[in-house]
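Undergrad: The structure's right below; bear with me while I get my questions together.
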Amino acid sequence: MRNDKTETIGIEEAVRYFRSPFRKDASKRVRGRVAVIAGSRGMSGAAALCAEAAMRSGAGLSYLILPASCLAAAEILVPEAVKLPVGEGARSCFTERDIDRVAGCCSAADAVVIGPGLGRDARTGAFVRGLLADPDFAPAACVIVTDADGLWHLGSDREEIVKITSAHPGKFVFTPHEGEAARLLGTGVGEVAAERRKSAAALFELTSGGVAVLKGSGTLVAAGGESGGACVFVNVTGNPALATGGSGDVLAGVIGGMAASAPAVEAAEGCAAARPGDCHFAENIVKYAVALHGLAGDLAAGKYGGRWPLARDIIRELGEIGKDAGQYKSLG
């Protein structure tokens with residue numbers, strides 16, 4: 001049974017998919033639009049890393065929705081993204097007043113990422129919960145990747161979280177580290193660390209049919225099992241160089257970019273179905289993204305050493321994947 005064991009994510013398959021060319025008629029809109037809802041005063045970098053990673057992973061357009069006070073920094077950090085500032089010029093974070101504006105910006109997005117660098121202001125919590133609970137939010141999006149402070153603001157009330165995610169069944173992708181997972185599950189970090197598979201499966205139950213990623217050494221991906229419950233997959237790429245600020249923001253962007261661009265990718269022989277609407281679409285995209293993110297970290301460690309890579313180096317190394325797929329055969 002799919003949900004009776006922990007399977008390994010195949011790196012060869014992930015690389016094969018990532019190497020697949022785009023359709024010859026692929027314009028930037030065909031390659032997909034990612035809406036990144038991120039940033040607060042002092043954390044513009046998280047927003048920029050996520051938006052850049054989304055484009056490096058295939059998205060044709062990255063719309064960076066951020067508080068107006070973050071605009072100047074974002075213009076410098078990620079010139080390729082379209083910036084959509086909200087609030088007055090000095091506004092340091094999102095508030096409930098921004099829900100309609102942000103929802104309008106996401107109306108045609110093919111994928112949404114929310115959370116990197118949002119900060120933990122209580123006003124932002126009302127914004128996050130109100131936006132995500134709206135069943136009309138981001139109607140065209142195939143995934144809603146919820147990361148970092150986006151997860152923090154969901155809180156630890158299981159019923160409330162499920163009520164929110166059930167507004168978009170099958171679309172949510174949660175990407176917590178162990179601390180964030182403990183908050184979502186209402187337990188301790190030690191318990192999550194000791195029972196990682198069980199915790200990943202419990203996180204999946206909160207997504208209303210989506211996908212849960214429990215980050216850490218041997219990142220786990222939990223998705224729907226064929227007979228109910230969760231099937232859990234373990235990633236074999238990655239190293240401690242990924243344990244650096246911004247790495248998670250990059251992963252969220254990679255998932256969003258790969259999901260948005262999936263319709264533009266030519267069918268890859270030997271790869272699982274990866275088209276919106278296909279059975280297990282989100283699961284397959286997330287597994288590929290997690291494996292590739294880890295592999296980019298391995299390449300960065302090989303180039304700069306295991307102690308010195310930065311999150312931006314992970315983005316650069318994504319561009320190096322695919323030059324020689326044969327070199328990854330020993331990894332999975």
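Undergrad: Can you tell me the order of 136-145, 270-279, 78-87 when each peptide is scored by its average per-residue count of other Cβ atoms within 10 angstrom, highest first? Don't jump to the answer; show the numbers that get you there.
TA: Details: 136-145: 22.2, 270-279: 14.7, 78-87: 18.0.
Ranking, from highest mean packing down: 136-145, 78-87, 270-279.
Undergrad: Turning to a different aspect of this structure: What are the extents of the Cα atoms of the stretch 2-331 along their three principal axes, listed from largest to smallest and rounded to whole Å?
TA: 52, 40, 40
Undergrad: For an R0 of 56 angstrom, estimate the FRET efficiency from the Cβ-Cβ distance between Asn239 and Glu96 and round to the nearest 0.05.
TA: E between Asn239 and Glu96, to the nearest 0.05, is 0.85.
Undergrad: For the stretch 173-332, what does the alpha-carbon gyration tensor say about shape, rounded, prolate or oblate, given a ≥ b ≥ c as the root eigenvalues, a/c under 1.5 as rounded, and a/b over b/c as prolate?
TA: Taking the square roots of the gyration eigenvalues as a ≥ b ≥ c, the stretch 173-332 is oblate.
Undergrad: What is the fewest-to-most order of Tyr288, Tyr17, Tyr304, Tyr63 by other Cβ atoms lying within 10 Å of their Cβ?
TA: Fewest-to-most ranking of Tyr288, Tyr17, Tyr304, Tyr63: Tyr304, Tyr63, Tyr17, Tyr288.
Undergrad: For Gly224, list long-range residues whose amide hydrogen, built 1.01 Å from N in the peptide plane, is under 5 Å from its own amide hydrogen.
TA: When sequence neighbours closer than 5 places are left aside, the close amide H contacts are Cys231.
Undergrad: If I take every Cα pair under 8 Å that is 6 or more residues apart in the stretch 131-284, average their sequence separation and divide by the length, what percent do I get for the relative contact order?
TA: Numbers: 245 pairs, mean separation 31.7, N = 154.
Answer for the stretch 131-284 is 21 percent.
Undergrad: Could you tell me whether the stretch 26-110 comes out rounded, prolate or oblate from its Cα gyration tensor? Rule is a ≥ b ≥ c as square roots of the eigenvalues, rounded for a/c under 1.5, then prolate if a/b exceeds b/c, otherwise oblate.
TA: Details: a/c = 2.49, a/b = 1.41, b/c = 1.77.
Note, shape of the stretch 26-110 comes out oblate.
Undergrad: Within 10 Å of each residue's Cβ, count the other Cβ atoms and sort Met55, Met258 from fewest upward.
TA: Details: Met55 23, Met258 28.
Listed from fewest to most nearby Cβ atoms, that is Met55, Met258.
Undergrad: Rank these for me by crowding, Arg312, Arg307, going from fewest to most other beta carbons within 10 Å. Provide the component values of the computation, followed by the final result.
TA: On the way: Arg312 17, Arg307 9.
By the 10 Å Cβ count, ascending, the order reads Arg307, Arg312.
Undergrad: Related question: What is the ratio of the Cα radius of gyration of the stretch 1-154 to 2.2 N^0.38 Å, where N is its residue count, to two decimals?
TA: Relative to the rule-of-thumb radius for its length, the stretch 1-154 sits at 1.11.
Undergrad: Count the lysine pairs in the chain whose Cα atoms lie under 21 Å apart, taking only pairs 8 or more positions apart in sequence or on different chains.
TA: 15
Undergrad: While we're on this one: Note down the net charge around Gly209, summing +1 for each Lys or Arg and -1 for each Asp or Glu among other residues with Cβ under 11 Å from its Cβ. Walk me through the intermediate numbers first.
TA: Values: positive: Lys171; negative: Glu205, Glu283.
Charge balance in the 11 Å sphere: -1.
Undergrad: With all pairs of different alpha carbon atoms counted, what Kirkwood hydrodynamic radius in Å does the stretch 236-330 show?
TA: 13.9 Å
Where a number appears in this text, it was derived from the coordinates with a stated rule and is not lab data. Worth saying up front: this structure is predicted, and the values here are computed from it rather than measured. Heads up, the Cβs are rebuilt from the backbone with ideal geometry, glycines too, and the neighbour counts pull from every protein chain shown.
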